[in-house]
Amino acid sequence: MGRERRHHHPGEIYHVVNRGNNRQAVFLESDDQRHYLSCLYHYKKKYAFKLYAFCLMTNHVHLLLRVGDRGTISKIMQSLTVAYSRWYNYKYKSSGHVWQGRFSSSIVSDDEYLLTAMQYIEQNPVRAGLVEDAGEYSYSSYRLNVRHLRPKLIDRHENPAFQ
């Protein structure tokens with residue numbers, strides 16, 4: 001029996017988690033995280049989705065995004081994971097899976113849950129003991145959201161939690 005097909009819900013906000021294969025590290029150097037963010041930005045433009053929060057941990061990623069009309073959550077994540085996997089395997093002269101199976105995603109249904117999901121995502125490095133303050137962690141959206149910046153990567157100005 002095959003997997004249940006994911007449904008496309010344009011305009012829905014998803015909390016996406018993708019883990020490294022066997023929970024192994026997928027980001028070994030800072031250059032790896034920078035490349036992943038570059039891929040994320042590329043596919044954000046291509047599929048016209050809104051990104052509200054992210055956190056790149058050593059062995060997994062969290063994304064909080066709103067899909068648009070140009071791409072399903074499955075297409076977005078497939079493009080992102082394939083692009084990063086090819087780069088990772090080339091860089092580290094390896095082959096095979098980088099990511100563990102399917103990504104998980106849950107629909108964020110209201111503004112209160114949206115704020116809770118953002119806090120959960122951006123506080124991940126603190127809970128993991130990597131930093132004492134979320135603002136110290138370079139590979140999350142925390143500083144971008146807290147400082148009210150208008151960066152290219154996140155869409156703070158369109159985030160319902162801030163309106």
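Determine whether Arg86 is at pLDDT below 95 and surrounded by fewer than 16 Cβ atoms within 10 Å (Cβ to Cβ). Explain how you work it out, then say what you get.
Numbers: at pLDDT below 95: no; surrounded by fewer than 16 Cβ atoms within 10 Å (Cβ to Cβ): yes.
Considered against the rule, which asks whether it is at pLDDT below 95 and surrounded by fewer than 16 Cβ atoms within 10 Å (Cβ to Cβ), Arg86 comes out as no.
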Qualifying positions in region 105-142 - in contact (Cβ under 8 Å) with a residue 60 or more places away in the chain and β-branched (Val, Ile, Thr): Ile107, Val108, Ile121
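The values are calculated or read from the model by the stated rules, or taken from the named source; none is laboratory data. Computed from a predicted structure; not experimentally measured. No Cβ is skipped: glycine too gets one built from the backbone with ideal geometry, and neighbour counts run over all protein chains shown.
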